[in-house]
Each structure stands twice: as C-alpha cells, then as structure tokens.
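The values are calculated or read from the model by the stated rules, or taken from the named source; none is laboratory data. Note that the structure is predicted; figures quoted are calculated from it, not measured. FYI the Cβ positions are ideal-geometry reconstructions off the backbone, even for glycines, and counts take in every protein chain you see. Side chains included, ligands, DNA and RNA excluded: accessible areas come from the protein's heavy atoms. Shrake-Rupley method; radii C 1.70, N 1.55, O 1.52, S 1.80 Å.
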Amino acid sequence: MIGAAWRGAAEYGVWLLTALWMWRTNEAIRRLPDVPDVSQPQWDLIPPDDAVPSLTVVVPARNEAENIGATLETLVAQQYTGLRVLAIDDRSTDRTRQIVDEFAERYPERVAAIHIDYLPEGWLGKTFALEVGTRNSSSEYLLFTDGDVLFSPSSLRRAMAFAAMTHADHVVVMPTPQVKGRGEGMVLGFLSVFGMWLSRPWRVSDPLARRDVIGVGAFNLVRREALEVLGGWEPQRLAVIEDVTLGRRMKAAGLRQRVAFGPELVLVHWAKGARGIVRGLSKNFFATVNFRPIFMLIACAVMLVLFLTLLAALVWWPTIPAALIMLCCIGACYRVTGERSRIDARYGWLYPAGVFVVAWAMVRSMLSVVMRRGVMWRGTFYPLRELRMHNNPLQWERSAAQARRAEEKGRLRVGARLLALWPALRSKARKKD
C-alpha cells in the first residue's frame, strides 16, 4: 500500500517536472528571438558627429599582462568618435603597468592610464577601480568591462545606437564565449541553459519582472545620470559579484534596463579548461546567496533535481516517456541558446557532466569561504560577517522600496500642506475680488 503510494507520488512528480520543462522550453523558443541582436544591419548606424554621446570605457586590470594589450588594441580601433578609454592598473605586480602606459603614450587622444597604488579600507579592489574610473571621467555614458575582453570595431557604435533607440539607462551586450576545449564547452553550454532558469533575458526590459535582472562584467554600459541616481559604486563597495549587483540596483530603482545579443561582437575567454572555469566560479558562486550555506545547498539540490531527475526516470517504465520529453526539452534549450552564444549545441550530450562540475563549483565556493570565515581577495582578507552585510541580493529591492515609500510620503505631506493652505488662499482671493 505504502509502496504503491510512493510510486504514484514519484510518477506524478516526474510528470510535474516534465510540464515545468515544457513550459520553460516553449517560453525560451518563443521569446528568446525577441531579444535584440545588435549584430544585425539595423543597428549598424553612424550618427552625425554633433549627435554622438560621449563614452568612456573603464578597463580595470590587475596582473593582466597576458591580455590587456589585446583588449586595448580592439578599443583603440573602435569606430566611435566620442570614445575615451581609461586603462586602470590596479596594483599589478606584472607588466600591466608598463603596457597601459605604452598605450597611453601611443594613443594619447584616446587612451589614458591610471595607476592605483593602495586600496582604501572597506572596498574590494575591483569596485574601487571602477569608482576611480568613474570619478576620472565626465562622459554621458560609461562602459565597464574587463582586461581580457575583445571588441569588434563596430561593437560600441552598435551598442550606443541600441542604448539611444531604446532609451536605456543600463545596457548589457551578451559576450560570445571563446570555447577552446571540450571541457570549456561542456561547462559553458550548461551554464547558458541553466541561466535561463535564473533570469529570463526576454523579461529583463520589463520593469515588473523584478527577478529577471542582468549584469555582465564584460559589458555593463550605463548612463552616467542613472549611475549617479544610485550613488555610484560606493553603496556596493564590498559586492563580490559587482556586475550582477549593478544590474540588481538598476532594476530595483526602476531604471530602464536592456539586454541584447551580439554574436562575435564581444569576445571573452572565461578560463582555460573546465578546471579554470571552476576556479573562477568558486570565487563568486557563494556570494549569489549572500554567503549563506543553507541557501547554497538548496540551490545546488534544486539544480540537481531539475537536470538529473530524468536520468533516474529513464530506468523506470512508467516515467520513460516523461524522461524522453525532458531530454528533448534540454536539447532544444541547448540549440536555442547555442544559436546566440555560438556554443555548439552538441555539448548538450555532455550536460550531466556539466551539472556535476557546476555543483562541485558551488560546494567548493561555499566550503572555501566557510572554512576561512571570509574571503582572501587579491591580498586582502574580508570577514564573512562584513561580506554578508553587502552581498544580500534582496537589500537593493528593500532600499528601493524604502526610497519609494519616502517619496510617496513626501508627496502626501506636500498635498496635505496645500489642502491646509487652501482655505486661506481662497479667502485671500475673495478679499481681492
């Protein structure tokens, strides 16, 4: 009796999960094409010189001697007249300092070098470098990127046209990952599909879709006035995932957020091999749940159930049809995301390995922080308690809600004062008559 009940519940659960996969896959197939592609001809616009908004590209780099030269070369070659590049050497111990100085000397009209020799207390190195870049610029727009990103010559011109035509405060152009090995393709392909469950790109521009936010360190383009409304980088000075946090702050404040694909326009090589990607993810994963072990374990368990249930369902006759449907859905998701990310959809056959690798990265990220009771970041130790105060993914929504309530109260007080003054004003008007 009990065994039959459990089998019925398991079968029902598998079909429920199948329905969930069908819903999300159908949504992705229908809605992902709605996300603009700035590599298309309609965005290849050349505005008149007197209508070109000024743009500063802020490139923080620490020990990026291997990559920073190529990044600056692609920025110097940009087909955008209102461009200025700030190459920021963040306490590097390799040749990064010399390389950015060389570019500043060769291209003084386009590149300026800034050297950071100290880190103020209460700041992460990356966020402080971004703050320094913001302070040392006066352009209408700012693009925050990394020291290992490559840009096609028309990428910034197209992105600025997209920002202007969509009246955007924050624009993310999704970078195209450079896959240089099977391990990289396996992990990155899985992350592309898993990412659709975390944030739906086709809902990012919807101000009511509070959960669907985006921020990418390789391409965060912001309007200066919007960044000033948020208070700059200081409020998130200890945010480990500063790119996503910026997106959360923009969305919470009700600012206009936009996302676009741009295949081959912005290239980034995440890391060398699956191990390199795991090391990179381990630095950031735990921060996404505010360094709370229970939430990380729940997130990991949900991911495993979502993607691995079908493997168990394949060995039980009543659930084999549901498992095959889920398998087709996962394959379709790999196909539709791969068309935009340029990651071969055939890596979908390796998706179970990708699941386990990402799960290990999540657990590794948690253990390394919990065991140290903090994070060692670029030579500076940050206690866990302090990090939790600045990495809560809900704090920006709460802050924005408080600001909205304060604004509403202010309007109500003004209205009440006008109502109180109305009899006196009316009486004065009658006396004049």
- Honestly the stretch 295-361 on the Cα gyration tensor test (a ≥ b ≥ c root eigenvalues; a/c under 1.5 rounded, otherwise a/b vs b/c for prolate or oblate) is just oblate
- Projected onto the charge dipole of the chain (+1 at Lys/Arg Cβ, -1 at Asp/Glu Cβ, origin at the Cα centre), which of Val369, Val35, Phe295 gives the Cα projection farthest towards the positive end? Phe295
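Can you tell me the order of 54-62, 6-14, 353-361 when each peptide is scored by its average per-residue count of other Cβ atoms within 10 angstrom, highest first?
Values: 54-62: 23.2, 6-14: 13.8, 353-361: 19.1.
Highest to lowest by the protection proxy: 54-62, 353-361, 6-14.
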- Item | Alpha carbon convex hull of the chain, volume per residue in cubic angstrom | 218
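I'd like the carbon and sulfur percentage of the solvent accessible area for the stretch 253-306, probe radius 1.4 Å, heavy atoms only, ligands and nucleic acids excluded. Present the calculation step by step, with values, prior to reporting the outcome.
Numbers: 1670 of 2530 Å².
Ligands and nucleic acids excluded, carbon and sulfur reach 66 percent.
Find the relative contact order for the chain and round it to a whole percent, using C-alpha pairs within less than 8 Å whose residues are 6+ positions apart.
19
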- Query: If you put +1 on each Lys and Arg Cβ and -1 on each Asp and Glu Cβ, how big is the dipole of the stretch 106-180 around its Cα centre, in Debye rounded to 20?
  - Reply: 360
- With r defined as the distance between the Cβ atoms of Glu264 and Met371 and R0 fixed at 56 Å, what FRET efficiency is calculated, to the nearest 0.05? 0.85
- Task: Quote to one decimal, in nm, the extra length available between Asp206 and Leu311 on full extension: 0.36 nm per residue of separation minus the C-alpha distance between them.
- Result: 34.2 nm
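Quote the FRET efficiency, to the nearest 0.05, computed for Asp34 versus Val76 with a Förster distance R0 of 25 Å and r equal to the Cβ-Cβ distance.
Working: r = 34 Å, r/R0 = 1.38.
FRET efficiency, Asp34 to Val76: 0.15.
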- Model label zone, Asn26; criterion: amide N under 20 Å from point 7 Å along Cα-to-beta-carbon; scope the stretch 308-347: 321-337
- Query: What is the distance, in nm, between label points placed 7 Å from the Cα along the Cα-to-Cβ direction at Asn392 and at Leu297?
  - Reply: 2.2
- Query: How large is the dipole of the chain about the Cα centre if only Lys and Arg carry +1 and Asp and Glu carry -1, each at its Cβ, rounded to the nearest 20 debye?
  - Reply: 2020
- Message: Need one value: the accessible area of Asp206 in square angstrom, 1.4 angstrom probe, rounded to the nearest 10.
- Response: 50
- Item | Segments 87-98, 115-126, 139-150 sorted - mean Cβ within 10 Å per residue, highest first | 139-150, 87-98, 115-126
- Item | Rounded percent of accessible protein surface that carbon and sulfur make up, the stretch 317-408, 1.4 Å probe | 63
- Report Rg/Rh for the stretch 1-145, rounded to two decimals, where Rg is the Cα radius of gyration and Rh the Kirkwood radius. 1.28
- Item | Heavy-atom accessible area per residue - the chain, 1.4 Å, Å² | 50
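What is the dipole size for the stretch 63-127, taken about its Cα centre, with +1 at each Lys and Arg Cβ and -1 at each Asp and Glu Cβ, in debye to the nearest 20?
Values: 7 positive and 12 negative charges, 40 e Å.
Dipole magnitude for the stretch 63-127 comes out near 200 debye.
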- When only C-alpha pairs under 8 Å and at least 6 residues apart count, what is the relative contact order of the stretch 269-361, in percent? 30
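If you restrict to DSSP beta bridges whose two residues both lie in the chain, what percentage is antiparallel, to the nearest 5?
On the way: 14 of 39 bridges.
Of the beta bridges lying entirely in the chain, close to 35 percent run antiparallel.
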